[in-house]
Amino acid sequence: MLPKFRKTFILVAVVAALSTGCRYQKEYSKITEAGNQYANAVDKLLDKAGHLQADYSAEKLLSDDKLANQTIENYKDAKKDTEEQLKKIAGMREHNQLLQKYFQKLRQLARSNAPEQIQAEIDGIVGNIQTISSNYSFDDKGIIGRVGKLVIDSKIDGALRKELEKRDNTILKELTIQQDMINSLRGSMEHKFELLKSLRETRLLIEPLTDEEPIEDAQAWIEEHKQMLFLDKHIAELKEACNALGDFKEIYKASVEGNINSESIDNALEDIGTFLALIDKK
């Protein structure tokens, strides 16, 4: 089971740390590294989600084929559904990667002696964020009403403050969209993952074991049994990633408004290290 996060999203905790001065110089490098590691961890989990979706589609077709011979139309319908889910996952990865780049540039902006150059790079990143945001459907989602406003901490000043004030609505709207996408993905896939486990367990473990003929390759059956046990862990990891990403907007606002203390940085580093160890474990 994954550890409970202390709700400190490291990519946005950097904003709070930047406002505290030079004595946190060491934290800058730790935050940047941890932010990259966390984004990579999220990306890996979304990649796993894509593979699990594809596996579910295949298992469902095999199961249905036992009940009635499947047609080309059945195959095409299953393929279309899988492609739609993979497209959602790809969209989440794109959003996450752009937000990571944005917050990395915020750090550079606060420390740069040439803010104009960094600002130009930020403008390009934000342009891409606005493009993918404009492609997202707002119909019947109530997203605009949930965007909200930022109250920027008085300790944040200079070019960093100007940037945060300038992008207030853009970034909050993007984070609200991302929350909506994550909730949609989580709701549609949790049920499928439970079915995947049931279908695969029946096909690979129960049916060979209950067949009148003994299992020919006992070692292969043992390996499949072990993989089945680990499937629960993969599903739990996906859910935890969804929860962590879903908290992004709230943590971003808390950091900008000065409601995250510096001690949370070390706690977040510890959490991320444990998190990465879990998802990298085979």
**Report entry** Neighbours by Cβ (under 8 Å, 6+ apart or cross-chain): first from region 51-80, closer than 18 Å to residue 194 by Cβ; second not in a helix (DSSP H, G or I)
**Finding:** 61/70; 64/70
Requested in this report: Note down all Cβ pairs under 8 Å where the first residue falls in region 162-176 and is within 15 Å of residue 105 (Cβ to Cβ) and among the acidic types (Asp, Glu), the second is in a helix (DSSP H, G or I) and at pLDDT below 85, and they're at least six residues apart or on different chains.
Outcome: 163/106; 163/109; 174/95; 174/99; 174/133
Query raised in the report: Inside region 42-56, can you point out the residues that are surrounded by fewer than 20 Cβ atoms within 10 Å (Cβ to Cβ) and of a type in the set (Gly, Ala, Ser)?
Result: 50, 54
Report summary line: Expected single match for at pLDDT below 90 and among the charged types (D, E, K, R) among 94, 83, 73 is 94
Report task. Scan region 186-227 residue by residue and report those that are in a helix (DSSP H, G or I), free of Cβ contacts under 8 Å to residues at least 60 places away in the same chain and hydrophobic (A, V, I, L, M, F, W, C). Result -> 204, 205, 206, 209, 218, 220, 221, 222
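Determine whether region 193-200 contains at least one residue that is modelled with pLDDT under 80 and either hydrophobic (A, V, I, L, M, F, W, C) or under 27 Å from residue 53 (Cβ atoms) (or both).
Taking region 193-200 first, the residues modelled with pLDDT under 80 are none.
No, region 193-200 contains no residue that is modelled with pLDDT under 80 and either hydrophobic (A, V, I, L, M, F, W, C) or under 27 Å from residue 53 (Cβ atoms) (or both).
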Query raised in the report: In region 123-176, what residues are more than 23 Å from the chain's Cα centre (by Cα), modelled with pLDDT under 80, of a type in the set (D, E, K, R) and more than 21 Å from residue 258 (Cβ to Cβ)?
Result: 139, 140
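Hey, can you tell me all the residues within region 54-111 that are assigned to a helix (DSSP H, G or I) and of a type in the set (Ser, Thr, Tyr)?
Step one: filter region 54-111 for residues assigned to a helix (DSSP H, G or I), giving 54-67, 72-111.
Residues satisfying the conditions are 56, 57, 63, 75, 82, 102.
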Query raised in the report: Within region 96-118, can you find the residues that are farther than 30 Å from residue 47 by Cα, surrounded by fewer than 17 Cβ atoms within 10 Å (Cβ to Cβ) and not basic (Lys, Arg)?
Result: 112, 113, 114, 116, 117
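The values are calculated or read from the model by the stated rules, or taken from the named source; none is laboratory data. In this text, all values refer to a predicted model and were calculated from it rather than measured experimentally. Using ideal geometry, Cβ is built from the backbone for each residue, glycine included, and neighbour counts are taken over all protein chains shown.
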